[in-house]
Structure formats: structure tokens, C-alpha cells
Amino acid sequence: MAEEGRIHLALFKDVYPATMALDKLRELGIPEKDMTIVSGVPYSDRILGRPKYTTRLPRYSLVGFVGGFILSLLLNWGTPYLYPIHVGGQPIYPIPTTILLTFELSMLGLILFTFLGVLFESDFPSLGPKVYHPEISNGKVAVVFDCPPEIHTRVHESLAALGAEWVHRTEAKQL
Amino acid sequence: MQQADNPKWGMVIDLDRCTGCSACVTACSLENNVPIVGEEDAGYGRGMHWIRIERYWEGAYPNLTARFRPIMCQQCGNAPCEPVCPVFASYHSESEQLNVQVYNRCVGTRFCGNNCPYIARQFNWFGYAAMMPEPLNSQFNPDVTVRSRGVMEKCTFCIQRIRRGEETAKALGRPVLDGEVEPACAQACPSDAIYFGLLSDPQSTVSQLSRSPRSDVMLEDLGTSPRVIYLKAGSGAIQKEQP
Amino acid sequence: MTADAVPLSQPQVYDEEEDPRQHLMLDPRPREEMNSMVMEAMHTTTREYWIVVGVLTFLVVVCLFGAWGYMIATGMGVAGIRRPTMWGIFIANFVFWIGISHSGTFVSAILRVFKAEFRRPFTRAAELMTTFGLAAGVMYPLIHLGRVWVSYWIFPIPNQRQLWPNFHSPLVWDMLAITTYLLSSTIYLYMPLIPDVAMARDRSTGWRYKFYRLLALGWRGTENEWHNLRTGINIFAFAIIPVMFSVHTIVSWDFAVTQTPGWHSTIYGPFFIAGAIFSGVSAVTMILYLIRATMVNMKYFVREEHFDALGKLMLIFSFTWAYFYFNEYLVEWYGGDLAAKTVLKAFTQPPYGWVWYLMLFCNMAVPWLLLWNKRVRRTPWLMFVIGFLINIGMYAERFIIVPTEISTNRFPFQWGDYYPRIELLISIGSISLFLLLYAVASRLIPLIPVWEVQEGQLAHSLKRFGKHEVATKSELE
């Protein structure tokens with residue numbers, strides 16, 4: 001989004017007027033990437049009328065899985081190679097225990113990296129000032145958009161006409 | 001003559017000769033610093049003896065027979081106690097073909113004790129060795145570790161005597177002679193029921209006895225391939241004297 | 001015939017059919033109101049609450065840490081374990097807590113994957129049980145060690161002796177599996193918690209505000225954030241199910257890979273998992289009753305329908321458990337070797353016979369006689385009692401498996417009975433720790449995932465179908 005002073009937030013009671021507000025903003029020439037919906041419950045792309053979102057999260061999971069897999073190979077085969085100790089008549093590199101360890105460590109990698117992926121992709125933790133309104137967690141749906149100053153008043157009027165409870169230019173505040 | 005590369009030590013116990021006198025138990029305890037646990041703990045099943053003499057009664061009075069079987073760690077070839085130790089405190093020594101217990105590595109999970117099918121392992125529930133009253137603690141064998149609490153222990157085939165025998169033989173430039181290495185139990189047995197030697201040498205006493213038709217191992221079907229071979233006893237029934 | 005949507009303000013009840021507004025999903029309230037209900041529940045602490053917390057803290061300090069410290073200082077001998085039962089109540093407790101910890105994953109992962117809507121209000125309560133059950137359970141592999149001060153040798157940490165742990169050992173698999181599961185379930189508790197903690201942040205001041213602000217990581221609810229969170233939760237839900245299965249299977253392999261007659265059974269894997277989910281779901285029922293009884297406003301969120309659904313699950317898992325147990329028993333009784341059959345005989349005789357019968361009664365008789373009845377299932381206090389009895393029965397099962405089955409082995413000369421000593425104190429301590437953690441968490445984080453409840457309520461509506469209103473669920477995802 002653009003520099004400070006151009007961000008506006010419009011608060012709606014429900015998701016349907018919010019989607020109509022998005023249409024209105026598109027009409028007024030604001031590009032898709034400059035607007036977003038902020039809500040207290042998740043709404044899918046189709047409900048919001050937004051372009052399909054492709055997530056990069058599975059890539060993180062895959063990287064984690066492969067990382068865990070490699071670690072398990074090192075532990076399963078690397079450590080007995082470095083210091084072979086015979087136990088119970090079992091081979092030094094037995095296959096059944098290899099399968100076990102590989103599974104556990106690969107899943108550990110997958111899980112940790114999925115979580116880290118969620119954090120990275122959402123830029124968490126970010127404890128600095130943000131554009132937000134506390135009513136969002138009360139179930140209201142907000143439309144946050146970047147508005148060029150020329151059409152500022154027109155935008156405010158149309159959104160108010162659609163039923164917005166609150167439309168203002170917003171400063172980023174500490175959450 | 002070259003010593004076999006990996007000598008396989010083994011023991012033969014002749015159950016016909018065993019009288020159940022427990023001299024082997026005593027000798028083993030003294031040789032290997034096995035602590036005394038006291039009456040109460042021993043009664044609760046925490047006795048630390050590395051050998052136990054199992055006595056079973058057969059028949060009914062007056063045709064009663066007592067069967068004795070000394071049981072110690074069988075030094076299995078495929079020991080079930082080895083793979084379950086999480087820290088490799090119990091593993092298979094390739095050079096002596098024995099199951100060794102590393103006291104200073106044991107963390108005390110007692111998994112090996114549970115998995116031994118012969119129930120041959122003991123655990124130091126308290127610091128028994130440190131609790132031994134004076135002057136009993138002066139009798140400890142300096143060749144053998146005194147174990148702290150929290151570690152497992154078991155019969156080692158008197159590995160300190162095996163090592164001493166091997167080193168003496170090597171210093172004299174000859175292989176270990178049959179009968180030269182004798183664990184404490186074999187040394188103490190008054191009826192010579194316990195034989196010890198190299199199973200890898202086909203001419204040794206234990207090898208010849210193991211080929212006897214009386215030879216038997218315990219729990220063979222478990223596939224543990226134990227190194228302790230028992231010679232089955234005869235009927236041993238006490239006959240009432242004929243007038 | 002056209003289907004009209006009936007406005008929810010005029011519910012129509014048909015004969016003795018229940019009022020559809022009894023269902024949480026069909027009884028929506030404004031999000032603001034639900035938020036304040038949850039916040040109020042979190043902020044309300046009565047005098048009884050503080051007394052309970054005080055008693056639990058005392059028990060944890062004295063029974064858990066005090067008794068455990070005494071055992072570390074004196075030796076394992078103060079416990080009742082002996083030869084041949086070298087594992088006793090400590091390991092039975094360990095298996096029990098890991099079993100309880102399967103509750104959360106079952107509710108929040110498996111029910112989520114199957115889109116069972118009734119899970120929505122109590123996923124967090126169940127996930128807290130998982131995390132705290134693991135916290136209590138993970139102490140036991142340390143408690144039962146003879147030399148706990150060198151327990152770090154079980155971990156693969158590079159060291160100067162160049163020694164690594166033995167990856168052939170089931171205890172090392174335990175270490176890896178439980179670490180994986182503990183991390184996964186903590187993260188899986190945390191991820192859906194973020195939007196609720198953000199809600200709490202918006203409504204708090206003082207130290208709570210600082211705490212929630214840190215925990216919320218700056219969450220706002222933008223589309224991007226929701227996409228990432230939803231995708232993350234979905235991946236987790238699918239990934240944590242095999243992890244959950246593997247954890248308790250690996251715990252079962254602590255026993256099944258041994259040579260001990262009675263333990264050496266191939267069915268232990270699925271048997272333990274069925275038992276774990278069984279005891280876990282029963283424990284969730286218990287906790288839900290306690291939450292309803294001790295916290296304000298919870299009766300709106302946790303309703304009879306949830307106890308009904310959980311009761312059905314308990315009955316199903318009781319059958320599953322009984323199926324696996326009978327499998328194991330029949331096979332050993334019929335063609336098992338002498339050692340295995342001797343173990344079976346030991347179950348019915350003193351000193352442990354009463355434990356075995358208690359297990360059969362609590363795990364089979366109690367659910368089968370009571371849980372088929374809808375009225376019973378919809379009575380929360382009765383479900384609490386049934387859940388409690390089932391957990392007693394499942395604990396008896398773990399006691400039967402661990403010390404009883406190793407007390408009867410292949411050498412009658414070495415049979416030995418197990419009598420617990422300090423284990424009882426330490427067990428009391430760990431239960432107190434679990435309850436204390438739960439009590440503290442219930443006032444620190446919102447127990448109900450309000451965003452999930454609202455999400456479900458948005459998707460449900462009443463629709464007239466013929467002469468009757470039916471609940472419909474829309475696929476909003």
C-alpha cells in the first residue's frame with residue numbers, strides 16, 4: 001500500500017455490503033491489490049468476489065519434510081556409520097527402524113516448517129502500528145483500501161450510501 | 001598357534017552334579033562386588049545376586065526330588081536386552097562374543113531388565129554398595145567396578161578374569177589354555193558342576209561337553225542363542241531301600 | 001414445492017421434536033455478545049477457584065516435585081518396583097497421559113477433517129487437554145529413570161565421546177515421537193488461538209493487554225492472514241493425524257517388541273490407539289462438564305447436543321476397544337503358549353484380579369448399558385460420571401498391561417507381585433499439575449474458539465422442507 005495518509009477504512013455490519021463496497025471501489029478505479037477485507041471470521045475468495053488466492057504454504061511444508069527426511073538419514077545411517085555398535089544380532093542399518101525414524105522426523109520437519117511458513121507469509125510477529133479497528137473482532141467486516149486524494153470524498157459518500165458505519169482516513173495505530 | 005580371531009566364551013553346567021549349595025552365588029558376589037541389600041529389600045525381590053539357584057520340587061513324598069538350576073546371564077548371541085537400551089549401555093562385544101554392560105553409560109530405564117527372558121539382570125535400587133557396613137566395604141575386588149545407584153548389572157562371565165587370562169597368554173606368546181580362565185563360580189563349585197572355556201575351540205572341555213546328548217539350552221525357541229549350556233540331570237529319584 | 005428460509009425469530013416446534021434453537025449452530029448471537037461472554041468467563045475468578053488453585057499448587061509442590069526430588073536423592077528403591085516388575089505405575093501413568101493427550105487431536109483434527117460441526121465450541125478445550133496431558137506425561141520417562149541426571153544421553157546431541165543414542169531402541173523412538181507430538185499439538189493449539197487472542201487483546205488493559213498483544217503477533221484478520229492461517233490449519237489437521245497414530249503406536253511398541261509373554265502381541269498398536277481415543281474422548285466429556293459447571297456463560301457454548309455426540313463416540317470407541325482386546329485375549333487363550341496362558345490366568349487371581357474385573361466393568365459394562373440411551377447422553381453430570389468411570393477403567397487397563405503382565409514370566413521362581421509406594425504420591429502430583437495448568441489456562445486464554453463458532457453459525461440456517469424446518473449447512477469454504 002502507498003504512503004501514510006492515503007489508507008482508509010470502512011466498517012460494515014455484514015459481509016454482503018462489504019463485497020458491494022469492493023465493487024464500488026473497483027468502479028471508482030482502485031486496483032485489486034490496493035484493497036482488502038479485514039474480518040473476524042474467514043471468508044473465502046469466492047464469497048468476497050476476489051481473485052483466486054494461491055498459497056505458497058505447501059512449499060514450506062515440502063521443504064520441511066525434505067529437511068526432516070535428510071536429518072533422519074543422517075541419524076539413521078550417519079551415526080551408526082561413525083560409531084557402529086552391535087546389538088541383539090540386528091544389522092547395523094536395519095530397515096524397519098529406519099522407516100520409523102524417517103517418518104517421525106519428516107513429519108516433524110513438515111509441521112515446524114508449515115508453522116514457520118504461516119508466520120513468514122503473514123509477516124508475523126509484527127507488533128508495530130497497524131491499520132485496524134477493534135470492532136473487526138466484534139464481527140464487523142472492514143474494507144481497507146488505498147485511495148488517491150482526488151476521489152476521496154466521492155468514495156466516502158458511496159461507501160456511506162452502501163451502509164458503512166464508519167468511513168475515515170486512518171492512521172496506523174498500535175494494536 | 002594363532003588364537004581364534006573372535007574367541008567365543010561359553011559355560012557348561014552339569015545339573016547332575018549341582019547340589020544347590022550356592023557356593024557359586026557367594027563366590028560370584030565376592031568376586032564382582034555384588035552388594036548386600038538387606039533382609040527387607042531381598043524379601044521384596046531386590047536381591048542383587050548375579051546367579052540365582054532355582055529349586056523346584058518334583059514328585060510327592062516319599063519320592064521327592066529337588067532340582068537345582070543355577071541361572072545367570074546367558075550371554076545370548078542375539079540378546080534381547082541389547083537393542084532396547086536407548087543409550088547403548090548394553091551391547092554385544094565382538095571381541096569376546098559376550099553381552100557387556102557399561103555401568104557408566106546406563107541411565108536406568110530398566111528396559112533391558114524387562115526384556116531379558118531369563119530375568120537375569122539386576123538393578124541398583126539404592127546405593128547399596130555405599131551403604132555396606134564396615135568392614136564389608138574393605139573386601140571389594142579392585143579389578144571390578146563398584147556400581148552406583150541407578151544402573152543395571154548382571155553376570156559378565158568374570159570378564160576381568162578373561163581379560164587377565166588373555167593378557168597373560170599374549171605376554172607369554174601362546175593362546176589361552178583350556179581351563180586357564182575360570183570365573184569365580186566355576187572356581188568355587190565344590191562338585192565341579194561348572195565348566196568354562198572357549199566354545200570356538202572344538203577341543204576344549206566346554207565344546208566337547210556341549211556336544212553331549214545331555215546338552216540343552218534354556219528357552220531355545222526364543223532364538224537368543226545363549227552361551228550357557230546345561231547338561232540335563234538324570235531321574236535322581238530317591239529309591240526306598242529294598243529290605 | 002419451494003423451500004423458504006424460515007426466519008430464526010419464529011421457531012416452529014413440531015410435536016415432541018426438540019426446539020431447533022437448542023443447537024448452538026442454530027442459535028446465533030451477535031459476535032460482540034459472544035466475545036463478551038467469553039471474556040467474562042475468563043475474567044471471573046471466585047474464591048472457590050483460588051482455593052482450588054492453592055490446593056493444586058500445594059499438591060504439585062509436595063507430591064510431584066517434593067516426592068520426586070526425594071526419590072532422586074534417595075534412589076528408585078523408594079518406589080515399589082522390583083525384579084521382575086521393573087516397570088510399574090510410572091510407566092502405566094505415562095501411557096495413560098499419552099492416551100489422554102490423543103483427545104485434543106482427535107477432536108480438533110479428525111473431527112475437523114470429517115467436518116463434524118459439533119466440534120466447534122470445544123476444540124480448544126480438547127487441545128489444551130492434549131498439551132497439558134503431554135506435559136504431565138512427558139515427565140514420566142524422566143521420573144522412572146534410575147539416573148535422571150544423565151537423561152540427556154537419550155537425545156542425539158553431538159558430544160565429546162562421539163556416542164549417539166541407540167536408534168534401535170523403542171525408548172529413543174518414544175523420545176522422537178513425543179517431541180514431535182508435543183511440538184505439533186502446541187502449535188496446533190496456538191494457530192487457531194491467534195484470532196481469539198487478538199479479540200482478547202482488543203478488549204483488555206494492563207498486563208493482560210501486553211500478554212495478548214505479544215501472543216497475537218499483530219493479527220488483524222486481513223484476507224492474507226486468514227488464507228495463511230486456514231491453509232496452515234488444514235495442512236496441520238491432515239498432518240497431525242498420522243503423527244498422533246504413530247505416537248501411541250510407538251508407545252505400544254515399548255511393550256510389543258519385547259519377549260515378555262503377554263506383551264509380545266502384534267495387536268498392541270491399534271489396541272493402544274483405540275484405547276487412547278476412548279479415554280481421551282471420555283476425558284473431554286469430563287472437562288466439558290467441569291467447564292460448564294465452574295465457568296460463567298459456558299452453558300451457551302457447550303450444550304447437551306455436544307455431550308450427546310461425544311457419548312456416541314464413547315460408545316463407538318468402547319466397541320472398538322473391546323474388539324481389539326477380545327482379539328488379543330482370544331488368540332492368546334486359544335493357541336497361546338504356556339507362558340502367555342499363565343499370564344491370562346494371573347488376570348483373574350489375586351492380587352490383581354480386581355483390577356482386571358474393574359477394567360472390564362468400566363470399559364464395557366458401563367458404556368454398553370448406559371450410552372445407548374439418548375436421555376443419558378444428554379445429561380451432562382451423568383456423562384461426567386460415565387467419563388470418569390471409563391477413565392478409571394482405562395487406567396486399570398494400563399495397570400494390567402504394565403506391572404501385571406511382567407509379574408508373571410517364564411520362570412515361576414521369579415514371579416513377583418508389585419505394590420506401589422511413592423508412585424501414588426507422584427501420581428497425585430501429576431494429576432494436580434494437569435488440573436492446575438488447566439485451571440490457570442482457563443483464565444488466561446479464551447477457552448471457546450469464538451471465531452470458529454461464529455463461522456459455523458454463519459453457515460447454518462433453518463430451511464422449510466415440506467412441513468418441517470430442517471437445519472442446513474452451507475459450504476462456505
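Are any of the residues in region B:220-230 under 24 Å from B:LEU15 (Cβ atoms), free of Cβ contacts under 8 Å to residues at least 24 places away in the same chain and under 20 Å from the mean Cα position of the chain (by Cα)? Taking every residue of region B:220-230 in turn, at least one turns out to be under 24 Å from B:LEU15 (Cβ atoms), free of Cβ contacts under 8 Å to residues at least 24 places away in the same chain and under 20 Å from the mean Cα position of the chain (by Cα).
Is it the case that some residue within region B:63-75 is over 26 Å from B:LEU15 (Cα atoms), of a type outside the set (Phe, Trp, Tyr) and more than 8 Å from every other protein chain (Cβ to nearest Cβ)? There is no residue in region B:63-75 that is over 26 Å from B:LEU15 (Cα atoms), of a type outside the set (Phe, Trp, Tyr) and more than 8 Å from every other protein chain (Cβ to nearest Cβ). Scanning region C:174-215 for residues that are over 25 Å from A:SER137 (Cα atoms) and either of a type in the set (A, V, I, L, M) or within 8 Å of chain A (Cβ to nearest Cβ) (or both) yields C:MET175, C:LEU176, C:ALA177, C:ILE178, C:THR179, C:THR180, C:LEU182, C:LEU183, C:SER184. For A:GLU104, state whether it is of a type in the set (D, E, K, R), outside any helix (DSSP H, G or I) and more than 18 Å from the chain's Cα centre (by Cα). Answer is no for this residue. Picking from residues in region C:110-122 that are of a type outside the set (D, E, K, R) and surrounded by 23 or more Cβ atoms within 10 Å (Cβ to Cβ), the one that is nearest to C:TYR289 (Cα to Cα) is C:PHE122. The set of residues in region B:119-160 being away from every other protein chain (no Cβ under 14 Å) and among the aromatic types (Phe, Trp, Tyr) consists of B:PHE140, B:PHE157. Of everything in region C:236-280 that is away from chain B (no Cβ under 14 Å), among the β-branched types (Val, Ile, Thr) and within 20 Å of C:ILE178 (Cα to Cα), the residue that is surrounded by the most Cβ atoms within 10 Å (Cβ to Cβ) is C:VAL247. Scanning region C:420-452 for residues that are within 17 Å of C:MET191 (Cα to Cα) and outside any helix (DSSP H, G or I) turns up C:ILE445, C:PRO446, C:LEU447, C:ILE448, C:PRO449.
Would you check if C:THR294 is surrounded by fewer than 18 Cβ atoms within 10 Å (Cβ to Cβ), of a type in the set (Ser, Thr, Tyr) and closer than 30 Å to C:PRO20 by Cβ? For C:THR294, the condition - surrounded by fewer than 18 Cβ atoms within 10 Å (Cβ to Cβ), of a type in the set (Ser, Thr, Tyr) and closer than 30 Å to C:PRO20 by Cβ - is met. Given the structure, is C:PHE361 over 19 Å from C:THR260 (Cβ atoms), aromatic (Phe, Trp, Tyr) and part of a helix (DSSP H, G or I)? Here the answer is yes, as C:PHE361 does meet what is asked. Counting only residues that are surrounded by fewer than 16 Cβ atoms within 10 Å (Cβ to Cβ) and touching a Lys or Arg at 6+ places or on another chain (Cβ under 8 Å), which one in region B:21-61 is farthest from the other protein chains (Cβ to nearest Cβ)? The qualifying residue farthest from the other protein chains (Cβ to nearest Cβ) is B:GLU58.
Scanning region C:401-418 for residues that are surrounded by fewer than 20 Cβ atoms within 10 Å (Cβ to Cβ) and either hydrophobic (A, V, I, L, M, F, W, C) or part of a helix (DSSP H, G or I) (or both) returns C:PHE411, C:PRO412, C:PHE413, C:GLN414, C:TRP415. For region C:390-398, does any single residue satisfy the condition of being in a loop (DSSP other than H, G, I, E, B) and under 30 Å from B:ALA42 (Cα atoms)? The answer is no; no qualifying residue exists. For the structure I just gave you, tell me whether A:THR19 is closer than 26 Å to A:HIS156 by Cα and under 14 Å from the mean Cα position of the chain (by Cα). Answer is no for this residue. Among the candidates A:VAL87, A:VAL143, single out the residue that is out of contact with any Ser or Thr (no Cβ under 7 Å at 6 or more places or on another chain), farther than 24 Å from C:SER204 by Cβ, assigned by TED's automatic domain parsing to the domain that holds A:PRO31 and not acidic (Asp, Glu). The unique qualifying residue is A:VAL143. For region C:147-164, the set of residues classified as in a loop (DSSP other than H, G, I, E, B) and more than 8 Å from every other protein chain (Cβ to nearest Cβ) consists of C:PHE155, C:ILE157, C:PRO158, C:ASN159, C:GLN160, C:ARG161, listed by residue number.
For region B:145-186, the tally of residues that are of a type in the set (A, V, I, L, M) and over 19 Å from the mean Cα position of the chain (by Cα) stands at 5. The residue of region A:94-116 that is surrounded by the most Cβ atoms within 10 Å (Cβ to Cβ), among those that are at the interface with another protein chain (Cβ under 7 Å from one of its Cβ atoms) and either of a type in the set (Ser, Thr, Tyr) or in contact (Cβ under 8 Å) with a residue 60 or more places away in the chain (or both), is A:THR114.
Contact map, region C:394-421: first residue within 12 Å of chain B (Cβ to nearest Cβ), second residue in a helix (DSSP H, G or I) and of a type in the set (A, V, I, L, M, F, W, C), Cβ cut-off under 6 Å, separation 6 or more or different chains; pairs are C:VAL402/C:ILE91; C:VAL402/C:ALA92; C:GLU405/C:VAL343; C:THR408/C:VAL343; C:THR408/C:ALA346; C:ARG410/C:ALA339. Restrict the check to region B:162-175 and report whether at least one residue is in contact with a helix residue (DSSP H, G or I) (Cβ under 8 Å, 6 or more places away or on another chain) and in a loop (DSSP other than H, G, I, E, B). Taking every residue of region B:162-175 in turn, at least one turns out to be in contact with a helix residue (DSSP H, G or I) (Cβ under 8 Å, 6 or more places away or on another chain) and in a loop (DSSP other than H, G, I, E, B). Of all the numbered requirements in (1) facing another protein chain (nearest Cβ under 7 Å); (2) of a type outside the set (D, E, K, R); (3) assigned to a helix (DSSP H, G or I), C:PHE167 misses one, and that requirement is (3).
The values are calculated or read from the model by the stated rules, or taken from the named source; none is laboratory data. All figures in this text were calculated on a predicted structure; none of them were measured in a lab. Cβ atoms come from the backbone with ideal geometry, glycine included; neighbour counts cover every protein chain shown.
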